[in-house]
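To keep things clear, I will list the structure first and then write my remarks on it.
The values are calculated or read from the model by the stated rules, or taken from the named source; none is laboratory data. As the structure is a prediction and not an experimental result, all values here were calculated from the model. Backbone-built Cβ (ideal geometry, glycine too); neighbour counts: all protein chains shown. Surface accessibility is based on the protein's heavy atoms, side chains included, excluding ligands, DNA and RNA. Shrake-Rupley method; radii C 1.70, N 1.55, O 1.52, S 1.80 Å.
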Amino acid sequence: MNGRLFDDSELAPGARVLRGFALDYAIDVDAVAAESPFRHMVAKNGFPMSVAMTNCGPLGWVSDRTGYRYESRDPLSGKPWPAMPAEFARLARDAAASAGYASFAPDACLINRYEPGAKMGLHQDRDEHDFGQPIVSVSLGLPAAFVFGGAKRSDKTVRVELEHDDVVVFGGPSRLCYHGVLTLADGVHPQLGRRRLNLTFRRAGPAVP
Ligand code: MD3
Ligand code: FE
């Protein structure tokens, strides 16, 4: 709540926007990218994606002509993905908790890098083991127009501007909703320059007790 007459942090049932939530966390993506550099993965259609990606944590999301999946090693080096920095995991856990998901323990962090002109088409995230687990999304750098729809591709979408340090938690009924990012407009962010970074924290594999 925010002093207004209604709670406008709920984007849709189960989806909560936490404006500025990442402000107090030190998120150093360059340290991860020094070990596993950003690369344009090839989509199922054989074309490279406009968004460049890397990962940290035990599992990383990968795409090639054969499809989408999680892998424990960076296919560029054959080595395990860089460890998830403790500050990343703390941000993800704290954001999930403040949206009502206690003890979220992500095993995957996909890092997306958008340069002006990059976009992500409407899709569902369904490569994870357990759709009962939420996804935490952290936006840094240039603002982007995020589109959020329903369970069917043809459902109507709403547009939300995501800015530096905004965090969104998607769980419950929103977990399998279609979503995407419109073409990034040109600009320069005071800290991150001519780019937008998005970190998505997921529990991709089965929970290990
Ligand atoms: C809604 N990334 O990597 S984050 C993705 O800004 C992805 O880079 C976008 O969609 C980005 O898959 C959007 C917001 C997001 C992430 C996962 C979701 C929204 C979601 C999963 C279910 C529903
Ligand atoms: Fe997605």
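Entry remark, region 164-206: residues being farther than 19 Å from residue 130 by Cβ, aliphatic (A, V, I, L, M) and open to solvent by 50 Å² or more (accessible area, probe 1.4 Å) number 3 in total.
Candidates are the residues of region 140-163 that are touching a helix residue (DSSP H, G or I) at 6+ places or on another chain (Cβ under 9 Å) and over 14 Å from residue 180 (Cβ atoms); the one that is modelled with the lowest pLDDT is 151.
Checked against the criterion of being surrounded by 15 or more Cβ atoms within 10 Å (Cβ to Cβ), modelled with pLDDT of 95 or more and away from ligand 1 (no atom under 14 Å from the Cβ), region 96-119 has at least one qualifying residue. If the condition is being of a type in the set (Lys, Arg) and near ligand 1 (Cβ under 10 Å from one of its atoms), then region 149-204 contributes 175, 196, 202.
In region 22-50, the residues that are touching a residue at least 24 places away in the same chain (Cβ under 8 Å) reach residues that are of a type in the set (Phe, Trp, Tyr) with C-beta atoms within less than 7 angstrom, at least six apart or across chains, in these pairs: 27/88; 36/81.
Of all the listed residues (60, 78), the sole one being without any contact (Cβ under 8 Å) to a residue 40 or more places away in the chain and outside any helix (DSSP H, G or I) is 78.
For every residue, the table says whether it meets (1) among the acidic types (Asp, Glu); (2) open to solvent by 70 Å² or more (accessible area, probe 1.4 Å).
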residue	(1), (2)
5	no, yes
13	no, yes
18	no, no
37	no, no
43	no, no
54	no, no
86	no, yes
90	no, yes
94	yes, no
